[in-house]
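Taking it in order: structure first as structure tokens, then the write-up.
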Protein chains: 2
Amino acid sequence: MTPACLLDLAKFRQNCQRMKDVADSEKMTLRPHVKTLKSLQAAEYYAPASGPITVSTLAEAATFASAGYTDILYAVGLSPNKFGQLAAIQSLAPNFTVIADSQAAVNALVDYASELELPLSVMLEVDVDDHRAGLLPESPELVACARALSAAANIHFRGIMTHAGASYDCDTKAAQQAMGQQECERIAKAATNLLQAGVTCELVSAGSTPTALADIEHTGINELRAGVYATFDCVMAGLGVCETTDIALSVLTSVIGHQGDKNWVIVDAGWMALSRDQGTASQQQDCGYGLVCDEHGKLLDGWYVSATNQEHGIISHRDNLTPPESVFGYGRLLRILPIHACATAAQYSKYHVIGDDGNITAIWSRVNGW
Amino acid sequence: MTPACLLDLAKFRQNCQRMKDVADSEKMTLRPHVKTLKSLQAAEYYAPASGPITVSTLAEAATFASAGYTDILYAVGLSPNKFGQLAAIQSLAPNFTVIADSQAAVNALVDYASELELPLSVMLEVDVDDHRAGLLPESPELVACARALSAAANIHFRGIMTHAGASYDCDTKAAQQAMGQQECERIAKAATNLLQAGVTCELVSAGSTPTALADIEHTGINELRAGVYATFDCVMAGLGVCETTDIALSVLTSVIGHQGDKNWVIVDAGWMALSRDQGTASQQQDCGYGLVCDEHGKLLDGWYVSATNQEHGIISHRDNLTPPESVFGYGRLLRILPIHACATAAQYSKYHVIGDDGNITAIWSRVNGW
């Protein structure tokens, strides 16, 4: 039944291998972010329980810890109302690690950690790109926080991490390389400053899909993090980080109507199925709410989802072509490539996995919520 | 724990009563759209099982049918791969009604209905605003479709329906009134054309929150449909359809950090918690990803969610004020009013209901998926 979220296993495997090769060739630990798919079955392919992972919610942390993952980094600053959940996750995943980026958060964590049975692993977040959260590499607060964590009785200070989210705006290879270098240099600078202040970082962790795949040596970091590379999406294709043919996630949809005078095809995938993400709107080519493929996944050149309502999508052609009946007739199936895989996947509780023979070979579940 | 989706019961009840009063005063049947909240417990307040409802997915239809609702309109055109689900819903809800807006869809439905045990109720969708789906009131295809449905052996033709979605762009009372009148006139015109062709419409159904609440007499329709009025949101407030103080839905979030030099407050509600909807971007005041209230729901003037990542929200002030520590300190709770309630609510599987004493009095569940 449509809409449904499809995962192309062959493309997914290829994407996973590509990032693994980068990490292996540079002898970095790869700590994949499982937040795009949030699926234990998917993670077996690119983030097995024998290695470290990154998560975006405590719901993910608890699920992966229950499944045998022991080294889990929760890469979002904690609020105090989440402290009560830490002990249960720690008991399953001894290397469960949380982050902080302020003296206030460090103080709260240090206080709370004293109540825990096991030592709490903590990393500090560093800001390398003026994008979101984190302490500046040169800031005295970074040193003060690291010293406080290192000195705390029941805390294991693991090191520092950053995420160059600004790389999502780098639309040339050169810009991605520059951002990748900036990311490494800035986090390495933070590590040097801490070392000079007497604090050693076991982990110096960085990464985003564009900077991880940039053609640079990731000097200065020993752990690479990235997430959306496992499926890719139209935003990544628009940045030139992948080709549209690499995109492993798609939404299966049915044609439910037409507006002939407007050359519109109406499908049953609206923003509820595709998400409201319009992340290509600022790119050279605006893909609206997704690029359109036939039911087998072959891109239909120039056709895209130009508008959405809750359960309706409107497909039109960039040159206002008339939709051919043979492709867009009532009841025909189509696949929509997601603008942002993390946002599209979030609209589902499961994936229909397409095997090498083009048929559904498995259904994988997903952890939603917090 | 944050983020969480809150529903203010007092405001919710008041909003529900407002629409009921409109329908009652004009002696129209109210067929609320349950797609915003998708919750059986919420529906008890504004769409009890004794009356008709509108749904946006077959998952909703099945859930509400199982709970005793007998008159359910599925207001999205069907794809053939959903036909197999109709019989089970019909067996619970005899007046379960589907829609079509093309000869192709009518033909497919007529064919399939012949296999059903019970007669299938069908309505035709009419386009009143060039917005999305539906047949034009004057179109020969509308007459042909109505005749085909009326003549079909196992089909009960119930009438016509429309939705003036273009009203979401009507930012003055006058424009909303004009659109409301256009909606009524155009659907009435369709009914007249059908009557002249020998087909009677038992139901002439229209509505959207702005046109339903417009200060007009809804002449020409006998059934009013609307959905988002139950909670309202920033889009509706921006159109002047409600006040921001009427908005009954909010996202509870925690402050997890700051970027002092930018006057940013970082919270744990990103687009995963708020949705990617930026529906006020084209309005006079862009509310970003939501307006910010204190933990009790009091609006904090000028503060809004200016940017989001997956699990991070950035709050800033329109005049770049420095966030006061007393309100925005680490760990403080805030509430975010949603841009588009349907999209925000869709990110959750349950609501925390705030009773008259300001405390959580209930947890209501939600039907997601298709």
Exercise for the section: Evaluate the following for residue B:172: is it surrounded by fewer than 17 Cβ atoms within 10 Å (Cβ to Cβ) and of a type in the set (S, T, N, Q)? Expected result: yes
Practice task
Could you check, for the stretch A:2-24, whether at least one of its residues is closer than 13 Å to residue A:226 by Cβ and within 14 Å of chain B (Cβ to nearest Cβ)?
Solution key: no
Practice task
Hey, could you check the stretch A:259-280 for residues that are open to solvent by 30 Å² or more (accessible area, probe 1.4 Å) and in a helix (DSSP H, G or I) and say which is modelled with the highest pLDDT?
Solution key: A:262
Exercise for the section: Report, by residue number, each residue of the stretch B:241-258 that is more than 8 Å from chain A (Cβ to nearest Cβ), open to solvent by 10 Å² or more (accessible area, probe 1.4 Å) and within 20 Å of residue B:321 (Cβ to Cβ). Expected result: B:244
Completion exercise
Within the stretch B:125-167, the residues that are within 25 Å of the chain's Cα centre (by Cα), modelled with pLDDT of 95 or more and open to solvent by 30 Å² or more (accessible area, probe 1.4 Å) are B:136, B:163
Fill in the blank from the handout: Scanning the stretch A:283-296 for residues that are touching a residue at least 60 places away in the same chain (Cβ under 8 Å) and touching a helix residue (DSSP H, G or I) at 6+ places or on another chain (Cβ under 9 Å), the one nearest to the other protein chains (Cβ to nearest Cβ) turns out to be A:283
Exercise for the section: Exactly one condition in (1) of a type outside the set (Asp, Glu); (2) in contact with a strand residue (DSSP E or B) (Cβ under 6 Å, 6 or more places away or on another chain); (3) more than 13 Å from chain B (Cβ to nearest Cβ) is not met by residue A:49; state its number. Expected result: (2)
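Give the residues of the stretch B:192-211 that are of a type outside the set (D, E, K, R), over 25 Å from residue B:167 (Cα atoms) and part of a loop (DSSP other than H, G, I, E, B), sorted by residue number. So that I can check it myself, show each step before the final result.
So in the stretch B:192-211, the residues of a type outside the set (D, E, K, R) come out as B:192-201, B:203-211.
Okay, now just the ones that are also over 25 Å from residue B:167 (Cα atoms), so B:194-200.
Within the stretch B:192-211, B:197, B:198, B:199, B:200 meet the criteria.
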Exercise for the section: State all residues of the stretch A:188-212 that are buried (at least 24 other Cβ atoms within 10 Å of the Cβ), over 17 Å from residue A:147 (Cα atoms) and hydrophobic (A, V, I, L, M, F, W, C); if no residue qualifies, say none. Expected result: A:206, A:212
Exercise for the section: Considering each of B:319, B:301, B:356 in turn, give the residue that is more than 12 Å from chain A (Cβ to nearest Cβ) and touching a helix residue (DSSP H, G or I) at 6+ places or on another chain (Cβ under 7 Å). Expected result: B:356
Exercise for the section: Please enumerate the residues belonging to the stretch B:214-258 that are more than 16 Å from the chain's Cα centre (by Cα) and either without any contact (Cβ under 8 Å) to a residue 40 or more places away in the chain or assigned to a loop (DSSP other than H, G, I, E, B) (or both). Expected result: B:214, B:215, B:216, B:217, B:218, B:219, B:220, B:221, B:222, B:240, B:243
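Across the stretch B:115-147, what is the number of residues that are touching a residue at least 24 places away in the same chain (Cβ under 8 Å), in a loop (DSSP other than H, G, I, E, B) and among the aliphatic types (A, V, I, L, M)?
Within the stretch B:115-147, residues that are touching a residue at least 24 places away in the same chain (Cβ under 8 Å), in a loop (DSSP other than H, G, I, E, B) and among the aliphatic types (A, V, I, L, M) number 4.
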Practice task
Within the stretch A:313-321, identify whether any single residue is surrounded by 24 or more Cβ atoms within 10 Å (Cβ to Cβ) and not aliphatic (A, V, I, L, M), and answer yes or no.
Solution key: yes
Problem - Single match in B:276, B:366 (criterion: touching a helix residue (DSSP H, G or I) at 6+ places or on another chain (Cβ under 6 Å), in contact (Cβ under 8 Å) with a residue 40 or more places away in the chain and of a type in the set (Lys, Arg)) - result: B:276
Handout entry: Matching residues, the stretch B:56-79, being within 14 Å of chain A (Cβ to nearest Cβ), in contact (Cβ under 8 Å) with a residue 24 or more places away in the chain and buried (at least 20 other Cβ atoms within 10 Å of the Cβ)
Key = B:57, B:58, B:60, B:61, B:73, B:74, B:75, B:77, B:78
Handout entry: Flag if residue B:105 is farther than 23 Å from residue B:368 by Cβ, assigned by TED's automatic domain parsing to the domain that holds residue B:161, surrounded by 23 or more Cβ atoms within 10 Å (Cβ to Cβ) and among the aliphatic types (A, V, I, L, M)
Key = yes
Fill in the blank from the handout: For the stretch B:344-364 the number of residues that are open to solvent by 60 Å² or more (accessible area, probe 1.4 Å), of a type outside the set (Lys, Arg) and either under 19 Å from residue B:13 (Cα atoms) or assigned by TED's automatic domain parsing to the domain that holds residue B:61 (or both) is 6
Fill in the blank from the handout: Contact list, first residue from the stretch B:2-27 and within 26 Å of residue B:295 (Cα to Cα) and of a type in the set (Lys, Arg), second anywhere and crowded, with 17+ Cβ neighbours inside 10 Å and at pLDDT below 95, beta-carbon distance below 8 Å, six or more apart or interchain, is none
Handout entry: Selected residue (criterion: nearest to the other protein chains (Cβ to nearest Cβ)) from residues of the stretch A:259-273 that are within 17 Å of residue B:59 (Cβ to Cβ) and among the aliphatic types (A, V, I, L, M)
Key = A:272
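The values are calculated or read from the model by the stated rules, or taken from the named source; none is laboratory data. Treat the numbers as computed from the prediction; the structure is a model and nothing was measured. In this analysis, Cβ positions are derived from the backbone assuming ideal geometry, glycine residues included, and neighbour counts consider all displayed protein chains. With ligands, DNA and RNA removed, areas are computed over all heavy atoms of the protein, side chains included. Shrake-Rupley method; radii C 1.70, N 1.55, O 1.52, S 1.80 Å.
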